[in-house]
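Let me begin by presenting the structure, written as structure tokens, before commenting on it.
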Amino acid sequence: MKITFCCTNTDAQPWLEGLRAALPQAQISLWQPGAAPADHAIVWAPPQQFFDEQSQLKGIFAIGAGVDALLKLDLPEQSVLVRLDDAGMAVQMAEYVCQAVIRHFRELDLYAQDISAGQWTFHKPRQRVDFPVGVLGLGVLGARVAQALAHFEFPVNGWSRTPKVLEGVKGFHGPAQFNDFLASSRVLVNLLPLTAETSNILNHASLSRLQPGAYLINVARGAHLVEQDLLALLDSEQLAGATLDVFRVEPLPLDHPFWQHPKITLTPHTSARTLRETSIAQIAGKIAALQRGETVAGVVERVRGY
Ligand code: NAP
Ligand code: GLV
């Protein structure tokens, strides 16, 4: 069995060593233009040339959860496309989102400002009941985030394409229940995949339907958010603030207004990172399962877009 590795912006050597240790019977090599055809590919942001040359692949394994960029390429039709299925990302996402919600709810930035001004000040405690959190997307990451928020006793709403039942989470699904979901939420967390249906979903109309003093946390993809609409809603004080981990252009251009905005907290697409060892173990297990003719979790439905 031959496996080719083609991941841009990734230190290939430790991946190759880990994959060779996990799959000792396989021939695993770093892709070079003109390389011999392989059975399986491990990829992140490969060039179209890669798929043009490797048109016989059986399995394509992304080393991330989101496959929107891969689906913009022409992939070999017969190959199975597999995304990372948690692989240590869900707990990271839960940590990140809970800290963003709690930091906003507990006014920790305000306390930090007071402290740096030498002021020992108390602010009136706020009530969780006034901060219902809506989670867009109840998949591998969204479900974990929604349940982590429920453990902190926030009222939690979740929105998905198909109905979902999660303890402590009020479920909404489909376009018909979208506006009710928004009207029931004050903090909005985006964990949708980027697809034709979800692109630009965070816009003036949707964000305006949230409860007064709303707060946005976007940890999915930059193209979900209409940036000018967010800026306008922050300036008009309809939105209280935002925590953003993902952007239309990454790295965020240095002259972008988000950098200096007093109501926006930024991080550089780091809310849930690919963990190399865990990911290698997951991908190696799935390649072995596919070789045995078994089905694997995390197969992308290409028509659906996730
Ligand atoms: P997932 O398991 O595929 O879950 C996607 C969820 O979105 C599902 O609940 C799905 O509904 C729902 N959904 C999809 N299209 C919808 C639509 N049109 N209307 C309503 N709901 C819809 O994905 P995941 O693993 O949780 O990851 C979500 C996204 O997070 C990824 O695609 C990626 O873009 C992003 N991500 C970001 C980072 C980061 O570091 N910032 C890291 C990893 C992932 P059903 O359950 O009904 O199918
Ligand atoms: C990161 O954004 C991922 O999709 O894994």
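The values are calculated or read from the model by the stated rules, or taken from the named source; none is laboratory data. As the structure is a computational prediction, the values presented were derived from the model and not from experiment. Glycine also receives a Cβ, built like all others from the backbone with ideal geometry; neighbour counts cover every protein chain displayed. Just the protein is used for accessible areas: all its heavy atoms, side chains included, with ligands, DNA and RNA removed. Shrake-Rupley method; radii C 1.70, N 1.55, O 1.52, S 1.80 Å.
Some notes on this structure:
- For segment 22-181, the Cα gyration tensor yields ellipsoid semi-axes of 43, 21, 14 Å (square root of five times each eigenvalue, largest first, whole Å).
- Relative contact order for the chain: 16 percent, from Cα pairs under 8 Å spaced at least 6 residues apart, divided by residue count.
- For the chain, accessible area per residue (1.4 Å probe, heavy atoms of protein chains only), Å²: 49
- Where labels lie 7 Å past Cα in the beta-carbon direction, separation of residue 110 and residue 123 in nm: 0.3
- Of 132, 272, 50, farthest towards positive along the dipole that unit charges on Lys, Arg, Asp, Glu beta carbons give the chain: 132
- Binned Cα-Cα distances of the chain, short to long, each 20 Å bin given as a whole percent: 31, 52, 17, 1
- Portion, in percent, of the accessible area of segment 32-116 that falls on carbon or sulfur, probe 1.4 Å: 54
- Once backbone amide H atoms are built at 1.01 Å from N, residue 247 has 222 as its partners under 5 Å, excluding neighbours fewer than 5 places away on the same chain.
- Computed over every Cα-Cα pair of segment 215-270 and binned at 10 Å starting from 0, the pair-distance distribution P(r) comes out as 25, 62, 12 percent.
- Centre separation in Å (Cα based) which lies between segment 37-83 and segment 99-128: 46
- In straight-distance terms, cross-link reach from residue 124 covers every one of the lysines whose alpha-carbon lies under 21 Å from its own, apart from those fewer than eight places away in the same chain; here that gives 263.
- Using a cutoff of 8 angstrom between alpha carbon atoms and counting only pairs six or more residues apart, the relative contact order for segment 120-224 works out to 26 percent.
- Overall dimensions of segment 169-306 as given by Cα atoms, namely Rg and Dmax in Å: 18.0, 58
- Taking the charge dipole of the chain about its Cα centre, with +1 at Lys and Arg Cβ atoms and -1 at Asp and Glu Cβ atoms, the residue from 111, 232, 145 reaching farthest to the positive side is 145.
- Legend: residues 195, 10, 278, sorted from most to least accessible area (1.4 Å probe; ligands, DNA and RNA excluded), read 278, 10, 195.
- Contour minus Cα-Cα distance for residue 277 and residue 256 (0.36 nm per residue): 4.0 nm
- For the chain, a simple Cβ point-charge model (Lys and Arg +1, Asp and Glu -1, everything else neutral) yields a dipole of about 580 debye relative to the Cα centre.
- 5 angstrom amide H check on residue 157, placed H, neighbours 5+ away: 133, 134, 135, 170
- Potential lengthening of the chain between residue 58 and residue 21 amounts to 11.2 nm, from the contour at 0.36 nm per residue minus the alpha-carbon distance.
- Judged by the mean number of other Cβ atoms found within 10 Å, the most tightly packed of the peptides 243-251, 218-226 leads the ranking 218-226, 243-251.
- Order by protection proxy (mean Cβ within 10 Å, highest first), peptides 85-95, 184-194: 184-194, 85-95
- Maximal additional length on extending the residue 1-residue 297 stretch stands at 104.5 nm, based on 0.36 nm per residue less the C-alpha distance.
- Measuring max minus min along each principal axis, the C-alpha atoms of segment 89-266 give extents of 51, 37, 31 Å (largest first).
- Taking only protein heavy atoms and a 1.4 Å probe, the accessible area of segment 214-306 is 55% carbon and sulfur.
- Using C-alpha pairs below 8 Å separated by at least 6 residues, the relative contact order for segment 89-266 is 16 percent.
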